[in-house]
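The structure under discussion appears below in the form of C-alpha cells.
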Amino acid sequence: MDKIPQVLKMMIEYNAPDLRRINHALKVYGFAKYIAEGENLNEFEKQIIEASAILHDIGIHEAEKRFNSSAGIYQEKLGPQVALPILEKAGFNKEEIEKITYIIAHHHTYNIKDNKLLRIIIEADLIVNIDEGEFGVKADFSSIKNQNFTTETGKSLFDKLILGK
Ligand SMILES: [Fe+2]
C-alpha cells in the first residue's frame, strides 16, 4: 500500500492551522518528486524522497517552542523525533525510517555530497526557499546553484526557474 497519502495527511494535521508551513512542505514535495523522476530513482528511493520531502521541516514547531527559533540547526535536531511516530504509523520499516530521519536531520547540512537522496531534498528546498524570498532578490543565484546542486535534473530546473535560461 502507498504510504505517502498517510504521511501527507499526518503532516497537514500536525501543522494545521499553519497553512504557510503546509504549503512549503507541499511545494518541496512536488519539486522533489519531479527531480526524483528525472533522476530515474527506483520505487524504494522514490518513497524515501517523498516522505522526506513532506516531513523535512516537521521539527520547526518544536524548535520554536523549545528554542524560540526556527533555525535549521534546531529543526534538524528535533525533526527526527517528531517524524518517527508518523513514519511508524504510516508503516515504514526500520531501514526506511533510518534513511528518512537521516535526511531530515541533515537537510541544512549542505556539505554532505555523497547522499543523492539528501541532495534532491536540499535542491527542492532551495528552489522553494528562493521563491519564498529567503535569499532576497539580489543574491548570487549562480553560485547558490554551483555550490549546492549536484543532480542534472535539479540543475536544469534551477536554470529554468531561477536563472531564466
Ligand atoms: Fe524547507
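Just one of the numbered conditions (1) away from the ligand (no atom under 16 Å from the Cβ); (2) assigned to a loop (DSSP other than H, G, I, E, B); (3) in contact (Cβ under 8 Å) with a residue 12 or more places away in the chain; (4) open to solvent by 20 Å² or more (accessible area, probe 1.4 Å) is not true of V137; which one?
V137 satisfies all of (1) away from the ligand (no atom under 16 Å from the Cβ); (2) assigned to a loop (DSSP other than H, G, I, E, B); (3) in contact (Cβ under 8 Å) with a residue 12 or more places away in the chain; (4) open to solvent by 20 Å² or more (accessible area, probe 1.4 Å) except (3).
Assess whether I58 counts as being in a loop (DSSP other than H, G, I, E, B), within 15 Å of the ligand (Cβ to nearest atom), within 16 Å of the chain's Cα centre (by Cα) and modelled with pLDDT of 95 or more.
Yes, satisfied.
Yes/no per residue for (1) aromatic (F, W, Y); (2) within 13 Å of the ligand (Cβ to nearest atom); (3) modelled with pLDDT under 95:
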| site | (1), (2), (3) |
| --- | --- |
| F67 | yes, no, yes |
| K77 | no, no, yes |
| E96 | no, no, no |
| A105 | no, no, no |
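Output the residues belonging to the stretch 72-121 that are assigned to a loop (DSSP other than H, G, I, E, B) and either acidic (D, E) or surrounded by fewer than 21 Cβ atoms within 10 Å (Cβ to Cβ) (or both).
Residues satisfying the conditions are G91, N93, H108, T109, Y110, N111, I112, K113, D114, N115.
A36 passes all but one of (1) more than 18 Å from H106 (Cβ to Cβ); (2) away from the ligand (no atom under 16 Å from the Cβ); (3) not polar (S, T, N, Q); which number fails?
Every listed condition holds for A36 apart from (1).
Identify the single condition in (1) within 12 Å of the ligand (Cβ to nearest atom); (2) farther than 21 Å from T153 by Cβ; (3) in contact (Cβ under 8 Å) with a residue 12 or more places away in the chain that A63 does not satisfy, given that it satisfies every other one.
That leaves (1) as the condition not met.
Look through the stretch 122-134, keep the residues that are assigned to a helix (DSSP H, G or I) and away from the ligand (no atom under 11 Å from the Cβ), and return whichever of them is surrounded by the fewest Cβ atoms within 10 Å (Cβ to Cβ).
D131
Could you grab the pairs with beta carbons closer than 7 Å, sequence gap of 6+ or different chains, first residue in the stretch 25-38 and open to solvent by 40 Å² or more (accessible area, probe 1.4 Å), second one within 11 Å of the ligand (Cβ to nearest atom)?
Short answer, once both residue conditions are applied: K27/V128; F31/A124; F31/I127; F31/V128.
The values are calculated or read from the model by the stated rules, or taken from the named source; none is laboratory data. All of these numbers come straight from a predicted model, not from anything done at the bench. Quick reminder, even Gly has a Cβ in these numbers, built from the backbone with ideal geometry, and neighbours come from all protein chains shown. Surface areas here come from the heavy atoms of the whole protein model, side chains and all, with no ligands, DNA or RNA. Shrake-Rupley method; radii C 1.70, N 1.55, O 1.52, S 1.80 Å.
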